[in-house]
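See structure below.
Read-outs: derived from the displayed coordinates by stated rules, not from any lab. Quick caveat: nothing in here was measured; it's all calculated off a predicted structure. Cβ atoms come from the backbone with ideal geometry, glycine included; neighbour counts cover every protein chain shown.
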Amino acid sequence: MSVIDQLTGEFARLPGIGPKTALRLVHHLMKGPKDDARRLSRAVMELAERIRPCARCGNFSEHELCEVCANPRRDSGLICVVEEAFDVGAIERAGQYRGVFHVLGGRLSPLDGIGPEELSVAPLLERVRASGGEVREVIIATNASVEGEATAVYLEQQIRPLGPKVSRLARGIPVGSDLEYVDGTTIAEALAGRREM
Amino acid sequence: MAPVSTSAVLLRAHPYGETSRVLRFLTEDHGLLGVMAKGVRGEGGRGVTAVSTFASGVLTVYVKPQRELQTMKDFACTRLRGGLGASLLRFAGASTVAELVLAHAESDPNPTLFHAMEAALDRLEEASEAVAAAALAGVWGIVEALGFAPQLEACIRCGERLGEDEVGRFEAAAGGILCARCGEGSQSPRVGPIARSQLQALLEGRLDAPITFPRRHLALVSDFVAYHVASRPLRSLRFLGDVLPPDPEE
């Protein structure tokens, strides 16, 4: 197999990249300065060697603890549970949350053979137990899907007996959207979750 | 190419790329259908909540016969069934019926199977007390709609009707109940008149007969499904086993 075929095959394994796009990327690298390809290669190597899961929350990290867990100004009594590490970025970008995270590594999906044992549930429970009451609240921020909801229900059943308050992200109308274009199910959720002003 | 519309229930959804999803629907007119739903994950994508697993609605799709994945135009959700996520047992039951259909259904239309699927999901969402029975009835309902219902009234070997108090054996491989005489020496599960009537009620989708030993019933349907319907063990059945209430001590 030629180097071109090999790299095309590797690119094509990435999400959202088909064989044609993969070949286009390879051609782009071949036509550009050699230093660009070397820089990309180095970055990929460093990613593979330096990135690992945070020992506490499972987020991507270059050190034993991720930036959030290592930050003493974050509120460690508030844990936000997310499905995947990239969900941490979504919440961090909002700039409003001052607590810490826990990454489950997926959500319950019996169809895919994913049960509680396949998720990072035991480390979460151990984290709450070991805090000796310091953890006041666990916010479950799994996706607003049937699978995400079932995962939230399971976590609530496991966490509540340990003491902390368990909450779930609210659901409703996206900020900046026109009510006219919001689908009926979202409106129904927003009505059910309305709050007093 | 003109789009076609059909009633459909969403069995499975996978993210694809940044904004799309690959969806597997059971449809009334086109059987099992894989579709690419472009843009439904993106910010402000129309129908974001509507393409939720186990939701029913009207699917409009561009169908090209030789294609593995069709292109979705729209999915107008008529029933979200969000309640299936609010209980692990309901969720496990719904996942099991969906996996069973995905493992066995074909692209030929099968309205009986489609209606059995919808009925199973509705029962699971609506059952107030008998959720375990609704989950078991759902699985048996799909087994029956696929044409594999077990024979319960007469012995599968000799054809004799079982007596009112007769305790038979549930022989999954043979496809039903063995009478006491034919089942002599068999190691298959014992099935007495109460269990038989419960099994019959589950097959008919009735939840009025209380299920005394849900895990034993699960073992019966698991063995039957493994032998007759699915070519591999269903992963959802294991999860259903984990969340079913324990059987009472005898």
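Equivalent ellipsoid of chain B: semi-axes from √(5λ) of the C-alpha gyration tensor, largest first, are 38, 19, 14 Å.
The GluC sites (Glu not before Pro) of the stretch B:103-199 that DSSP puts in a loop, and whose beta carbon has at most 13 other beta carbons within 10 Å, are B:Glu106, B:Glu129, B:Glu153, B:Glu160, B:Glu164, B:Glu184.
The charge dipole of the stretch A:72-168, taken about the Cα centre with unit charges on the Cβ atoms of Lys, Arg (+1) and Asp, Glu (-1), comes to about 540 debye, rounded to the nearest 20.
Largest GNM mean-square fluctuation across A:Val103, A:Val81, A:Val146, computed for chain A with C-alpha springs under 10 Å, falls on A:Val146. How big is the gap, in Å, between the Cα center of the stretch A:1-59 and the Cα center of the stretch A:65-129? Using only Cα atoms to place each centre, the spacing works out to 27 Å. For chain B, hydrophobic long helices are taken as DSSP H runs at least 20 Å long by C-alpha position along their axis with mean Kyte-Doolittle hydropathy of 1.0 or more; these are B:88-104, B:131-145. Label zone of A:Arg98 (point 7 Å out along Cα→Cβ, amide N under 17 Å): in the stretch A:71-88 this covers A:71-80.
For an R0 of 30 angstrom, estimate the FRET efficiency from the Cβ-Cβ distance between B:Arg215 and B:Val167 and round to the nearest 0.05. It comes to 0.95. Once R0 is set to 35 Å, what does the formula 1/(1 + (r/R0)^6) return for the Cβ-Cβ distance between B:Lys73 and B:Ala149, expressed as a FRET efficiency to the nearest 0.05? For B:Lys73 and B:Ala149, the calculated efficiency is 0.40.
Taken as Cα centroids, the stretch B:151-182 and the stretch A:136-162 sit 45 Å apart, rounded to the nearest whole angstrom. Placing dummy labels 7 Å off each Cα toward the beta-carbon, the span from B:Ser107 to A:Arg42 is 5.0 nm.
Under the rule a/c < 1.5 gives rounded, and otherwise a/b versus b/c splits prolate from oblate, where does chain A land using the Cα gyration tensor? Prolate is the answer for chain A, as a/c is 1.5 or above and a/b outweighs b/c. Comparing Cα centroids, the stretch A:167-181 and the stretch B:90-120 end up 32 angstrom apart. Computed on the Cα trace of the protein assembly as shown, the radius of gyration divided by the Kirkwood hydrodynamic radius gives Rg/Rh = 1.03. Taking the Cα centre of chain A as origin and assigning +1 to Lys and Arg Cβ atoms and -1 to Asp and Glu Cβ atoms, the resulting dipole is close to 520 debye.
Fewest-first ordering of A:Asp87, B:Asp242, B:Asp223 by other beta carbons within 10 Å of each residue's beta carbon gives B:Asp242, B:Asp223, A:Asp87. When the trypsin sites (Lys or Arg not before Pro) in the stretch A:75-147 are filtered for DSSP coil states and for at most 11 other beta-carbon atoms within 10 Å of their beta-carbon, the remaining sites are A:Arg98. Fully extending the segment from A:Leu179 to A:Gln157, taken as 0.36 nm per residue of separation minus the present Cα-Cα distance, adds 4.4 nm.
Which chymotrypsin sites (Phe, Trp or Tyr not before Pro) from the stretch A:66-128 combine a DSSP loop assignment with at most 13 other Cβ atoms within 10 Å? Here no chymotrypsin sites (Phe, Trp or Tyr not before Pro) fit, given the DSSP loop and packing criteria.
For the stretch A:72-168, relative contact order (Cα pairs under 8 Å, six or more residues apart, normalised by length) works out to 31 percent. Ordering A:Met197, B:Pro246, A:Gln6 by the projection of their Cα atoms onto the charge dipole of the protein assembly as shown, which places +1 on the Cβ of Lys and Arg and -1 on the Cβ of Asp and Glu, puts A:Gln6 at the extreme positive end. For the stretch A:43-145, what does the alpha-carbon gyration tensor say about shape, rounded, prolate or oblate, given a ≥ b ≥ c as the root eigenvalues, a/c under 1.5 as rounded, and a/b over b/c as prolate? Rounded, because the longest to shortest axis ratio a/c is under 1.5. Using only the alpha-carbon atoms of the stretch A:80-197 as identical scatterers, what base-10 log of I(q)/I(0) does the Debye formula give at q = 0.14, 0.16, 0.17 Å⁻¹? Listed by q, the Debye log ratios stand at -0.67, -0.85, -0.95. For the stretch B:44-125, the relative contact order comes to 27 percent (Cα pairs under 8 Å, sequence separation of at least 6). Classify the stretch B:49-158 from the C-alpha gyration tensor, please: rounded if a/c falls under 1.5, else prolate or oblate depending on whether a/b exceeds b/c. Here the stretch B:49-158 falls in the oblate category.
The magnitude of the dipole of chain B, with charges of +1 and -1 set on the Cβ of Lys/Arg and Asp/Glu and taken from the Cα centre, is near 940 debye.
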